[in-house]
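The values are calculated or read from the model by the stated rules, or taken from the named source; none is laboratory data. Since we're looking at a predicted model, the values are computed, not measured. Glycine also receives a Cβ, built like all others from the backbone with ideal geometry; neighbour counts cover every protein chain displayed. In case anyone asks, the SASA skips ligands and DNA or RNA and just uses the protein heavy atoms, side chains included. Shrake-Rupley method; radii C 1.70, N 1.55, O 1.52, S 1.80 Å.
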Number of protein chains: 2
Amino acid sequence: MIKVQMKDKFWSKYMDVVRNEVIPYQWDALNDRIPNAEPSHAIKNLRIAAGEEQGEFYGMVFQDSDVAKWLEAVAYSLENHPDTHLEETADELINLLGRAQQEDGYLNTYYTIKEPNNRWTNLRDNHELYCAGHFIEAAVSYYKATGKRKFLDIMIKYTDYIISVFGTEEGKIPGYPGHQEIELALIKLFDVTGEEKYLKLSKYFIDQRGEQPHYFEIEEREREDKQPFFFYNGYEYHQAHIPVREQDKAVGHAVRAIYMYTAMAALARKTNDATLKQACEKLWDNVTKQQMYITAGVGSSEFGESFSFDYDLPNDACYTETCASVALVFWAKRMLDVEIHSKYADVMERALYNGTISGMNLDGKKFFYVNPLEVWPQACNRHDKRHVKPVRQTWFTCACCPPNLTRLINSIGHYLYSVKNNQIYVHLYAGNETRLKLNGQNIRIAQKTEYPWNDQVILSVTPERKSAFTIALRIPNWCKQAEIRINNERIHVNQQDNGYAYIDRIWDKDDQIEVLLPMSVKRVRSHPNVRENVGKVALQRGPIVYCVEEVDNGENLPNLFVPIHTQFDIHFEEELLGGVVTLTGDGLRIEDSVWNGELYSSNTFQKKRTKIKAIPYYAWCNRTPGEMLVWINEC
Amino acid sequence: MIKVQMKDKFWSKYMDVVRNEVIPYQWDALNDRIPNAEPSHAIKNLRIAAGEEQGEFYGMVFQDSDVAKWLEAVAYSLENHPDTHLEETADELINLLGRAQQEDGYLNTYYTIKEPNNRWTNLRDNHELYCAGHFIEAAVSYYKATGKRKFLDIMIKYTDYIISVFGTEEGKIPGYPGHQEIELALIKLFDVTGEEKYLKLSKYFIDQRGEQPHYFEIEEREREDKQPFFFYNGYEYHQAHIPVREQDKAVGHAVRAIYMYTAMAALARKTNDATLKQACEKLWDNVTKQQMYITAGVGSSEFGESFSFDYDLPNDACYTETCASVALVFWAKRMLDVEIHSKYADVMERALYNGTISGMNLDGKKFFYVNPLEVWPQACNRHDKRHVKPVRQTWFTCACCPPNLTRLINSIGHYLYSVKNNQIYVHLYAGNETRLKLNGQNIRIAQKTEYPWNDQVILSVTPERKSAFTIALRIPNWCKQAEIRINNERIHVNQQDNGYAYIDRIWDKDDQIEVLLPMSVKRVRSHPNVRENVGKVALQRGPIVYCVEEVDNGENLPNLFVPIHTQFDIHFEEELLGGVVTLTGDGLRIEDSVWNGELYSSNTFQKKRTKIKAIPYYAWCNRTPGEMLVWINEC
């Protein structure tokens, strides 16, 4: 049991915004109270399903999941910040869910209202199990945050019904979800109930996936569906093209993929499944070494919101959905649960400080679905880049990303620590006060830091009684010369192969660890197979990836060059973008006047000196909209 | 009157291929005799329309235009190379056209067979006037090549009927074509008949276009069409968004646009229309200085096969339809007719030696519709690049490009010379023997050259009698130190502002001009606003733009660098690609082994030495398919 109370300057701002802005806004959205926005109808759908209101179903087939994600975010918010009024609102909504649930346990407003006789006839496209998964996750979180069982019981009833429907046994449906999600949720339900049947159902969904005869073809024939499937007519889209243990390349819809990998990793751990673990490791390598942007954005293709192929990472036409980076955090944490290795935590941190929170304006009022690494606003009018928005949008018809980000930010505390045997692992650095149990003993651990802007982290360790255990500190991959002091005395950094520094000692009350993680400005380059980035450099300091914006650097950012010897100055700008470290240095810019308006010529590229100012990528587009660029030419 | 007989090594090969391969192949295609290819049905449509066969219309709404373009290509082929058998085939086809023509002159198989009562109800989409235009062009060419009037008379009858249908007068349709083409064809019909009414109809179509109330909206209401128009619901697609004289940016479908500009230029000349001329000049500047690839490819967006916006010239996602570059040749020639300036002939030459003929395999058996400047075959599986084919295709459902290229190649002789007052202008260099009339006198002019591989051109001038006139030779913009000798005596190159060198003298039989156009290897760079090409260089020698191919340079071409001081060696390789000059020089390639499989690192880009071999762009993909690149990194 690890109870984390976040007390972090960086994350508290986000958590406050989520609590004060996003959760109320999303509640208004779910209730159709946002002027000039397309109605969500999600709450209305529930009322209609409950028989309390007349009307038709409206919205996406997975509209229910917005309700679920909101409830999950509320649960995490209550964990950190009790709020009677919010809890009452949630309780009322949960009561409504109970009334919308059918006699047999089924709970899905689309089918209940619109096609009551067609439950489970189109698992491939229609998201019933996906919505169930989100409700299960929310119910577990709400139970853990409040101790109230009502929601959990609703979902136990629904899940028990699902168990009666699915399986390879005679009379059951040998299917599995078109959009994976419930697999990982079921493991959470197992964790909280201890009921093996939920683990078994999760394992069934994972094991059955992609087997022959192919279930999606069976159900397609049964519903007499003759349409070729939109995604090149193949099940790579759902990672159902082959059994999961044979998969070694990330393909298809990125969020589906990573939710599945998350469940696979969790299952591998719970069931000690070596082949599943191996598949996870191969897929992890493929995603993070061949298909991931430096921001931890994943999914480079808009078509199918999908992975494409190794090293195909266009910066201006990518998809890199906020949800996919959120999912990457989930997966990374499950991989850490399987095996502690800093490569997982490094990616988790990369996603948290870059490609996830870039999805939201600093004020929590606007969101990106797509997180590009290069934006030329005019080019977003090109039909093939129309998915890349040059500014964040207020709400989406398919509103998956905002609530996904909300639940992640509010549960950030869940990602900081692991406890394993006699060891406490510190994966992330952020201010917090935490209580955890180690060998039956309560231990308090706290961090004070101004991470990610400052290299100092003070950890205080307070065991109930003097005792020997290990604290293992992750040394981030961007940091070459970490220093550690215990009670002001410098110790040797005993960094193991897995990237963690192990401190074995007898700990006593008020022991203090000081960690220094020097944050020099790093120039990062891509593997030469990433054609887009040849000759280009990205700037990173600590876990923060930087970008240049038009508002600081003028237009035509691809014309900027960073000389290889430029040293960047670091400034913490309190008033800028909520307080960020900016980088400034000497750069060059191509002189265009010599062209005299000609398009092609034998002119050489003459460069003139200019100043370059870079800001954290996640904070882009919070001032005057314009161009943005992560990968800058180097010369 | 200028009669050119081509005797050119470079073009004769293409003309032979067109005569021996493409024209027979296309005839088979029109007659559905190509195994495993989708049927064209074009001849069948004519037979059905003539009442000689039962059946349904099949094909695109503009299927007739394939027949027209084939006949036009045949006409040009007969000009250069009489062929009784081919002429008989054409005559039979023309007879069939006559039988398919309706009583009132109407000739369109789609409407005649499928919607006989709906003629002229959807000018926006349905190409009736476009097909008429192609038939008119073909008829004029066939008449000029053979002296036979039958086809011309068919089209005169049809055109006279069209005159009775269209106009702003009461009872007429105040419309104009959705796909411009007939405007330029009508001027050809005027030229050959001398009938002002054809010029007037062309002028009407041009003047009426884009006027309010908008005709496309009128007809849309009349046919109760409620669909929003696919192209952002705007008439930029057809260049009908505003009146043509107000247009100063090339927008919308590139072929429609350039066919229209071609007609505008021709009309401006015929009618001395200064405002139309001015509009043409503005559009020319926009196209050639902001929206044209170095290959003279135009139309950078697949959506709508269209222009996008200034400096938006992606190399790997462009459209650059073969037809659009063919059209650019038409337009350039009309601009030259308005005003002799080498800037027009330079673009004409650039299109002829690069972006047009790249559309065809050297053996004439396969074609590109899209002519990219960068190809990574694997990336052509990306949905947003699916229009970019890594290899030429055998035939297209929408088979516009192959016959368009065919008619261009067979009429190449039409683009070499102009006669104006007492001046003979030489726009292009290519072997030929030509008879022309100057001030009532017959003059023979001939060129001998191995252009574009060799810098020497020998022109012999043979007037009927000794007389004074001017020969103006275009000095190409890629040539800085042209030399001219007359009868072996070097003369001063009197190059005027318009880019032509004027030679005024009294010419006598067997006078000989030797022109030397030194062809150094030029490094071309793009205006810095072309973001794709910053820091990159293209190689050009004479009019030929070069590219590198995987077959010569290995994979991952974007990893190659050309050092700024590399000198390229020139080799004429007789056996390669039908005989081409190749360029070889020292280059560098990024060493990827240091990456150890990591995606991001602080490694610098270490480069190792390599040889770079470049071949003419037009000839790419005639060996082992693979990557191709025009714009190479420079360091």
Handout entry: Criterion violated by B:Val545 - all others in (1) open to solvent by 50 Å² or more (accessible area, probe 1.4 Å); (2) facing chain A (nearest Cβ under 10 Å) satisfied
Key = (1)
Practice task
Enumerate the pairs (first residue in the stretch B:579-605 and of a type in the set (S, T, N, Q); second residue anywhere and open to solvent by less than 60 Å² (accessible area, probe 1.4 Å) and not in a strand (DSSP E or B)) with beta-carbon separation below 7 Å, excluding pairs fewer than 6 apart on the same chain, so at least 6 apart or on different chains.
Solution key: B:Thr582/B:Leu576; B:Thr584/B:Phe568; B:Ser601/B:Trp595; B:Asn603/B:Trp595
Handout entry: Only listed residue being open to solvent by less than 40 Å² (accessible area, probe 1.4 Å) and at pLDDT below 95, chosen from B:Phe605, B:Phe568
Key = B:Phe605
Practice task
Looking at (1) free of Cβ contacts under 8 Å to residues at least 24 places away in the same chain; (2) assigned to a helix (DSSP H, G or I), find the lone condition where B:Lys389 falls short.
Solution key: (2)
Fill in the blank from the handout: Here the residues within the stretch A:279-305 that are at the interface with another protein chain (Cβ under 9 Å from one of its Cβ atoms) and part of a helix (DSSP H, G or I) are A:Asp285, A:Thr288, A:Lys289, A:Gln290, A:Phe303, A:Gly304
Problem - Segments classed as helices (runs of 4 or more DSSP H), wholly inside the stretch B:1-56, with at least 2 members that are buried (at least 16 other Cβ atoms within 10 Å of the Cβ) and among the basic types (Lys, Arg) - result: B:42-49
Exercise for the section: Only residues that are under 19 Å from A:Arg523 (Cβ atoms) and among the small types (Gly, Ala, Ser): list them for the stretch A:577-635, please. Expected result: A:Gly585, A:Gly587, A:Ala614
Completion exercise
Of the residues in the stretch B:402-447, those that are of a type in the set (D, E, K, R) and either under 16 Å from B:Lys3 (Cα atoms) or in contact with a Leu (Cβ under 8 Å, 6 or more places away or on another chain) (or both) come to B:Lys420, B:Glu433, B:Arg435, B:Lys437, B:Arg444
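Conditions (1) basic (Lys, Arg); (2) farther than 30 Å from A:Gly535 by Cα; (3) away from every other protein chain (no Cβ under 14 Å), marked per residue:
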{"residue": "B:Arg490", "(1), (2), (3)": "yes, yes, yes"}
{"residue": "B:Asp504", "(1), (2), (3)": "no, yes, yes"}
{"residue": "B:Gln512", "(1), (2), (3)": "no, yes, yes"}
{"residue": "B:Leu517", "(1), (2), (3)": "no, yes, yes"}
{"residue": "B:Ser520", "(1), (2), (3)": "no, no, no"}
{"residue": "B:Ser526", "(1), (2), (3)": "no, no, no"}
{"residue": "B:Val530", "(1), (2), (3)": "no, no, no"}
{"residue": "B:Val537", "(1), (2), (3)": "no, no, no"}
{"residue": "B:Val551", "(1), (2), (3)": "no, no, yes"}
Fill in the blank from the handout: Quick count over the stretch B:71-125, residues being among the charged types (D, E, K, R) and either part of a helix (DSSP H, G or I) or in contact with a strand residue (DSSP E or B) (Cβ under 8 Å, 6 or more places away or on another chain) (or both), is 7
Problem - Residues (assigned to a strand (DSSP E or B), within 11 Å of chain A (Cβ to nearest Cβ), surrounded by 18 or more Cβ atoms within 10 Å (Cβ to Cβ) and not aliphatic (A, V, I, L, M)) located in the stretch B:579-602 - result: B:Arg589, B:Tyr600
Exercise for the section: Mind listing just one residue for me: the one in the stretch B:392-405 that is at pLDDT below 90 and not in a loop (DSSP other than H, G, I, E, B) and, of those, farthest from A:Gly299 (Cα to Cα)? Expected result: B:Pro403
Fill in the blank from the handout: Scanning the stretch B:560-578 residue by residue, the ones that are assigned to a strand (DSSP E or B) and more than 14 Å from chain A (Cβ to nearest Cβ) total 5
Problem - Which listed residue is at pLDDT below 95 and outside any strand (DSSP E or B), from B:Lys226, B:Lys203 - result: B:Lys226
Practice task
May I ask you to say which residue of A:Tyr425, A:Tyr417 is in contact with a His (Cβ under 7 Å, 6 or more places away or on another chain) and either in contact (Cβ under 8 Å) with a residue 40 or more places away in the chain or among the β-branched types (Val, Ile, Thr) (or both)?
Solution key: A:Tyr417
Problem - Failed item, numbered, when A:Val192 is tested on (1) open to solvent by 10 Å² or more (accessible area, probe 1.4 Å); (2) over 17 Å from A:Ala263 (Cβ atoms); (3) aliphatic (A, V, I, L, M) - result: (2)
Problem - the stretch B:236-249, subset assigned to a helix (DSSP H, G or I) and open to solvent by less than 30 Å² (accessible area, probe 1.4 Å), residue nearest to B:Ser300 (Cα to Cα) - result: B:Tyr237
Practice task
Kindly check whether there is at least one residue in the stretch B:318-337 that is open to solvent by 10 Å² or more (accessible area, probe 1.4 Å), over 30 Å from B:Gly234 (Cβ atoms) and not aliphatic (A, V, I, L, M).
Solution key: yes
Fill in the blank from the handout: With criteria (1) more than 9 Å from every other protein chain (Cβ to nearest Cβ); (2) of a type in the set (Ser, Thr, Tyr); (3) open to solvent by 20 Å² or more (accessible area, probe 1.4 Å), A:Tyr618 comes up short on (3)
Problem - Hits in the stretch B:202-215 - residues which are under 14 Å from B:Phe166 (Cβ atoms), out of contact with any Gly (no Cβ under 7 Å at 6 or more places or on another chain) and open to solvent by 10 Å² or more (accessible area, probe 1.4 Å) - result: B:Lys203, B:Asp207, B:Gln208, B:Glu211
Completion exercise
Scanning the stretch A:352-369 for residues that are open to solvent by 10 Å² or more (accessible area, probe 1.4 Å) and touching a residue at least 40 places away in the same chain (Cβ under 8 Å), the one nearest to the other protein chains (Cβ to nearest Cβ) turns out to be A:Tyr369
Problem - Residue that is more than 14 Å from every other protein chain (Cβ to nearest Cβ), open to solvent by less than 10 Å² (accessible area, probe 1.4 Å), under 24 Å from A:Ser65 (Cβ atoms) and over 16 Å from the mean Cα position of the chain (by Cα), where the choices are A:Leu267, A:Leu276 - result: A:Leu267
Practice task
Within the stretch A:423-456, work out how many residues are assigned to a strand (DSSP E or B) and among the small types (Gly, Ala, Ser).
Solution key: 1
